[in-house]
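Quick note: the coordinates plus some simple rules give every number you see, no bench work behind them. Being a predicted model, the structure only gives us computed values, none of them experimental. Don't worry about glycine lacking a Cβ; one is built from the backbone with ideal geometry, like all the others, and counts go over all protein chains shown.
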């Protein structure tokens, strides 16, 4: 231990000697982990140990990962087969929903045309002519019945079920709407 430079790292023999300081920067030179003079502390919890690479790990998490890997390698095409089995059913359900939406749109259109026809018939001197003028070129048939105080307009609309695949399964639908209004003669 004759001549040591002030910047040199401690050797295994010198770990009991006081640590040296560098001259200018005031950085202490010592053991890289700072525990040369103390025993290593005990750690709490799961400790990861390095194992030989040719041996499998005995930790439970590694075993679960190995089991999951084995299951996925055996069932590699299962998701594709399940999708191929379920996809036609999903397609039929979506097309059925599309057909229902088409019928509902036609029902709303029928309600509006019958209401407009009843309003026109209620304020007109000739109720039938006024109600039929409202329909225009739409595929809606109107029947107008008037009494001394009221006018009743009944409308029918035929909805074709022409959505692919579903149109052949469901027959055409006839929608009906009836509305009665009080006459308001001028």
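Could you put 102, 82 in order, starting from the residue whose Cβ has the fewest other Cβ atoms within 10 Å?
Ranked by crowding around the Cβ, least crowded first: 82, 102.
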- Mind jotting down the distance between the C-alpha centroids of segment 109-161 and segment 162-186, whole Å? 13
- Query: Measuring from the lowest to the highest alpha carbon on each principal axis, how far does segment 102-182 reach, largest first, in angstroms?
  - Reply: 49, 20, 15
- Beta carbons within 10 angstrom, averaged per residue: use that to sort the peptides 111-118, 86-93, highest first. 111-118, 86-93
